[in-house]
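Throughout, read-outs are computed from the coordinates displayed, never taken from laboratory work. Everything quoted here is computed from the prediction, not taken from an experiment. When we count neighbours, we look across all protein chains shown, and the Cβ atoms used for this are built from the backbone with ideal geometry, even at glycine.
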Amino acid sequence: MIAELSAIQAAAGSLKAAGEIVKTLVGMKVTAEVQGKIIELQAVILTAQSGAISAQETQMELLQRIRELEGDLVKFKDWEAEKKRYEAKRLSPGVIVYALKQESVQAGELAHIACPNCYDGGRKSILQTTPKLAQRYRVHLCPACGLELAFGEQMPLLPPPPPPRDPLG
Ligand SMILES: [Zn+2]
């Protein structure tokens, strides 16, 4: 790619030199026929120059795209390594999530659960507990995609509220 780019740059340089020679020729005393040919040559050189410039732009765009793809590949490889640190778990009442493996927890990392939605989309987002309950299960929220999942230990039923006391009793 780089070699091709410098080849285009070299061609552009040669065309510029040819253009300079033609400019000198234009200034010389020559027959009308030669003058006509010089003008023709000038037009050809200008066309070739603009062709070289657009080829150079295309090359630059391709190089940029390659850099972007290389970046994506690095991210993809990082995620492939990262996702292996999690394992699918079914938690009560039947929600499937991705939990950090025990080996990482034993190595000193804080135990946590990754959002299954984000995980399937190729990124990590840690589910956060909320103060909300649904069917007496703790609701967890994904800060990245907004997914809400209720799972974990079911809270005990609250005792019924005591009857209002008779103010006269
Ligand atoms: Zn998410």
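With q set to 0.12 Å⁻¹, the log10 of I(q)/I(0) for region 85-150, from the Debye formula over equal scatterers at the Cα positions, is -0.29.
Based on the inverse mean of 1/r over its pairs of different Cα atoms, what is the Kirkwood hydrodynamic radius of region 10-53, in Å? Spell out each step's value before the answer.
On the way: mean 1/r = 0.0934 Å⁻¹.
It works out to 10.7 Å.
Angle of helix 32-83 to the longest C-alpha principal axis of the chain, folded into 0 to 90 degrees and rounded to 10: 20°. For region 87-95, backbone phi angles converted through the Karplus equation (6.51, -1.76, 1.60; θ = phi - 60°) give residue-by-residue couplings of 9, 5, 9, 9, 10, 4, x, x, 8 Hz, Gly and Pro being listed as x. Relative to the longest principal axis of the Cα atoms of the chain, the long axis of helix 2-26 makes an angle of roughly 30 degrees. For the peptides 17-30, 114-127, residues were scored by their other Cβ atoms within 10 Å and the scores averaged per peptide; the highest-first order is 114-127, 17-30. How many lysine pairs are close in the chain, with Cα atoms under 20 Å apart and the two 8 or more places apart or on different chains? Qualifying lysine pairs in the chain: 15. Each 5 Å bin from zero holds the following percent of Cα-Cα pairs in the chain: 1, 7, 10, 9, 8, 6, 5, 5, 5, 5, 5, 5, 5, 5, 4, 4, 3, 2, 2, 1, 1, 1, 1, 0, 0, 0.
Globularity index of region 2-82 is 1.83 (Cα radius of gyration / 2.2 N^0.38 Å, N = number of residues).
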